[in-house]
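Q: The structure is given below, and queries will be raised subsequently.
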Amino acid sequence: MEMSEKKLVEQQIKIENNFTSGANWFFWIAGLSLVNSATSLSGSSMNFVIGLSTTQFIDAVASGIPGPYSTMFTMIAIMLDLGFAGLFFVFGILARRRSRAGFVLGMIFYGFDSLLLLLIGSIIGIVFHVLALVFIFTGLRALQKLEKQASAAPAPSPS
C-alpha cells in the first residue's frame with residue numbers, strides 16, 4: 001500500500017471514529033442521567049455532570065415533597081426521567097443511522113439543558129456540557145464529511 005493510500009485510509013478511519021464517538025455521546029448522556037436519577041431518588045448525593053440537569057432538577061423537586069404525596073411525585077419523576085433519557089437514546093439511534101436531525105435536535109435539547117446549569121451557576125456542569133456538545137458537534141461534522149464523500153464517489157456499475 002502506498003503512503004498516500006495509507007494516509008487516506010487513516011483519515012477515513014478518523015472520520016468514521018469521530019462520527020461514531022459523536023453519536024455515542026447521546027447514549028452516555030441518557031445512561032448517566034438514569035444513573036443520576038437512581039442515585040438521587042435513593043437518597044445519595046453522587047452524580048455525573050455529563051447527565052441531564054433537567055432530570056436532576058426533577059428528582060430534587062420530587063425528593064423534596066414530604067407527606068402522603070411523596071410516592072406519587074417520585075413515580076412521576078421516574079416517568080419523566082425515563083422520558084428524557086429515552087429521548088436522548090432516540091437521538092443516539094438517529095445519529096448512528098446518519099441522521100443530521102438526530103445530531104442537531106440532540107444538540108439543541110442538550111443546549112437548553114445547559115441553560116438550567118447556567119441559571120443555578122454550576123460552572124463544572126456547564127464546562128462538561130459544553131465539552132459534550134463539542135464532541136457531538138465533531139460527530140456531526142464527521143457525518144457531513146462522510147455524506148460529501150458518498151456523494152462524490154462514483155456509482156457502482158451494474159453487474
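Any read-out appearing in this document is the output of simple, stated calculations on the displayed coordinates, not a laboratory observation. All figures in this text were calculated on a predicted structure; none of them were measured in a lab. Cβ coordinates were reconstructed from backbone atoms using ideal geometry, including for glycine residues, and neighbour counts include every protein chain displayed.
Q: Only loop residues by DSSP count here, and only those with at most 12 other Cβ atoms within 10 Å; note down the chymotrypsin sites (Phe, Trp or Tyr not before Pro) in region 1-100 that meet that.
A: none
Q: Using the Kyte-Doolittle scale, find the helices of the chain whose mean hydropathy is at least -1.0 and whose Cα atoms extend 18 Å or more along the helix's long axis, counting only whole DSSP H runs. Spell out each step's value before the answer.
A: Values: long enough: 3-41 (56 Å, 0.04); 70-96 (38 Å, 1.73); 100-120 (31 Å, 1.75); 123-152 (43 Å, 1.23).
Helices meeting the criterion: 3-41, 70-96, 100-120, 123-152.
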